[in-house]
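Before any comments, here is the structure.
Please treat every number below as a calculation from the coordinates, not as lab data. Please read all numbers here as calculations on a predicted model, not as lab measurements. Backbone-built Cβ (ideal geometry, glycine too); neighbour counts: all protein chains shown.
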Ligand SMILES: C[S@@+](CC[C@H](N)C(=O)[O-])C[C@H]1O[C@@H](n2cnc3c(N)ncnc32)[C@H](O)[C@@H]1O
């Protein structure tokens, strides 16, 4: 019992240390982040995710076609927020969450978000989002800092409305190179395999509408491949589970 408790305490300490390191890294990077990422590293994920959302929303009936609440996890300086505003206009409530105060300060400058919170993304979902209240969850280039995605998926299912979407990216990992679905790269970032993501999605009644491999950004002069996902809270499976 004591050994389990000590192991859990060590795991929590390691997670807290990791979050602090990420926060410090992005506080330092915040000033040059956008210019560097977009101009030099050719980062287009916010537009890609917004285009995918527009496509899937256009196929839906009226109440889903007009998302009302969008939560941008790891919003950074707000590139996704601006892409979402361009797509959905002023009627949508847009929430941004990030660990880094300096990234959030940049996001605040152009006013795309209705509210911004300096928090860990999982803590935000667990403690600050009501069940079935979110139409769209975004996590662009951020789950690469989160090793275990089980709780993120559990929360995604809990907070999304039926039919709501979860759009995110991962760095590419082959099923053959991962242990328990993930591998920590030399960069310190985490790559998650498609098999792992699909298994989590299935476990949490999230249908995989799209999984596409794309160049995420330039790294060491070559495009870094990643997977871009569109998941939808699966209404049919929810109903089957309820009636079982
Ligand atoms: C590569 S940037 C991407 C920012 C933004 N999503 C975009 O596409 O421009 C990753 C962001 O995720 C944030 N981040 C990393 N881990 C996080 C966590 N556990 N909770 C909240 N934010 C996190 C970082 O502070 C950083 O701003």
Among the residues of segment 158-168, count how many are surrounded by fewer than 22 Cβ atoms within 10 Å (Cβ to Cβ) and farther than 18 Å from residue 59 by Cα. 1
Checked segment 18-60 for anything assigned to a loop (DSSP other than H, G, I, E, B), surrounded by fewer than 19 Cβ atoms within 10 Å (Cβ to Cβ) and within 11 Å of the ligand (Cβ to nearest atom); matches are 41, 44
Is segment 169-181 home to any residue that is within 24 Å of residue 124 (Cα to Cα), touching a strand residue (DSSP E or B) at 6+ places or on another chain (Cβ under 6 Å), touching a residue at least 24 places away in the same chain (Cβ under 8 Å) and in a helix (DSSP H, G or I)? no
Subset of segment 93-102 [part of a strand (DSSP E or B) and within 14 Å of residue 23 (Cα to Cα)]: 97, 98
On the given criteria, is residue 101 over 24 Å from residue 198 (Cβ atoms) and out of contact with any strand residue (DSSP E or B) (no Cβ under 6 Å at 6 or more places or on another chain)? no
Could you tell me which numbered condition residue 79 fails, if it satisfies all but one of (1) surrounded by fewer than 17 Cβ atoms within 10 Å (Cβ to Cβ); (2) under 18 Å from the mean Cα position of the chain (by Cα)? (1)
Out of the residues in segment 118-144 meeting the condition of being more than 9 Å from the ligand (Cβ to nearest atom) and buried (at least 21 other Cβ atoms within 10 Å of the Cβ), tell me which one is nearest to the chain's Cα centre (by Cα). 137
Hey, among 105, 123, 112, 131, which residue is touching a helix residue (DSSP H, G or I) at 6+ places or on another chain (Cβ under 6 Å) and either farther than 21 Å from residue 159 by Cα or in a helix (DSSP H, G or I) (or both)? 112
Could you tell me which numbered condition residue 104 fails, if it satisfies all but one of (1) within 14 Å of the ligand (Cβ to nearest atom); (2) surrounded by fewer than 16 Cβ atoms within 10 Å (Cβ to Cβ)? (2)
With the requirement that a residue be part of a helix (DSSP H, G or I) and either under 24 Å from residue 23 (Cβ atoms) or within 16 Å of the ligand (Cβ to nearest atom) (or both), what does segment 61-92 give you? 79, 80, 81, 82, 83, 84, 85, 86, 87
